[in-house]
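Below: the structure, in structure tokens.
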Amino acid sequence: MTPNPPLRHRNQGASVSAKTARLFALFEDDVHVRLAPRTAEHYLSDVRAFLRWTKTQGLASSDVRGEDLRRYEGELFAQRKLDGKPLAAASIALRLIAIKTFFRFLLRRSYILFDPTGALELPRIEKRLPRVILTEAEARRIVSAPKGRDPISLRDRAILEVLYATGIRITELASLRPEDVDTEERVLRVVAGKGGKGRNVPLTRAAAVAVERYLALGRPALLLARGRGGERGSRLFVRAKGRALTRGDGSAIVGSWARRARVKKHVTCHTFRHSVATHLLRARADIRHIQALLGHKSLATTERYTHVEISDLRRVVERAHPRGR
């Protein structure tokens, strides 16, 4: 005869699944309002994975305790990727942060009486420095590589100039609309940055000129055969037929022009972000101004660029130290 399950597991079954599904749907609505689209997507994916695990354990959301979360964390550390390597501590921490966000939402809405993640400690994450930083000469070569007058070259020149002028994220760039840029005042409005926070950032003169040329001669040509469709033609930077740029498009554009400029480093859209911060810091810009430009919530995030300056310090030591010459 099968023994009775523990009391806390007796409320499993269809009713539990239905209740969990309703709570998850409410959480889904909440994160879509509060978080950037890509962040919300990751949070929802991580919470779905956790809820699938709780289902296999016969647990409802209200049943989860600290020991269950520690057991789940242990299983994450035991997981292996397709290449046989374990999950990185940073990846595990991000999954646990999503779960913490889920339970805090449930507590805030009074769907649970206590937060089981309160005592959960996240794995320690090694703070890594940016791996690839462009020199000023490399950045200029890439940005000035598109020299043609065709619509694609005009668009790509404007994209590269904006990335290097502002250090905005590729998702922020892809979300820009024509009304978000004022080339006369040389100001760019990032309406929905990371965390849903907007900010105004200045454009360099070169970036403003490149955007003006693109708006006058490049974008209209790309919109000519756009046809009908919701978002088509509503973005500042578009593909042929007015389709919106994707993250993949941005990566392809930057990588392609970096290769044409014969820059051998692995250059991505985020490389420009790292490089802007480093170049401004080397030019003695105030770190809080850099923080505002990049839209960093915490100054600590911006401060990591101060460590990149070890290259400058090394040159000083080699030049001035008695044993360095």
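What follows draws every value from the coordinates through simple rules; no lab data is involved. Every value quoted in this text rests on a predicted model; they were computed, and no experiment measured them. Note that each Cβ is placed from the backbone with ideal geometry, even for glycine, and that neighbours are counted across all protein chains shown.
Here is how the numbers come out for the structure above:
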quantity	calculated
Radius 11 Å from Cβ of residue 293, net charge of other residues (Lys, Arg +1; Asp, Glu -1)	+2
The stretch 44-84: trypsin sites (Lys or Arg not before Pro) in DSSP coil with no more than 15 other Cβ atoms inside 10 Å	65, 81
Dipole magnitude (debye, nearest 20) for the stretch 9-108, charges at Cβ of Lys, Arg, Asp, Glu	100
Spin-label pair residue 90/residue 297, simplified geometry with 7 Å Cα→Cβ offset, distance in nm	1.7
Förster radius 35 Å - calculated FRET efficiency between residue 147 and residue 189, Cβ distance, rounded to 0.05	0.75
Residue-span extension gain [residue 28 to residue 70] - 0.36 nm each, minus C-alpha spacing	12.7 nm
Entries of 100/297; 19/100; 241/297; 241/265; 55/100 with Cα pairs more than 27 Å apart	241/297; 241/265
Spacing of the two label points (7 Å from each Cα toward its C-beta) at residue 79 and residue 206, in nm	4.3
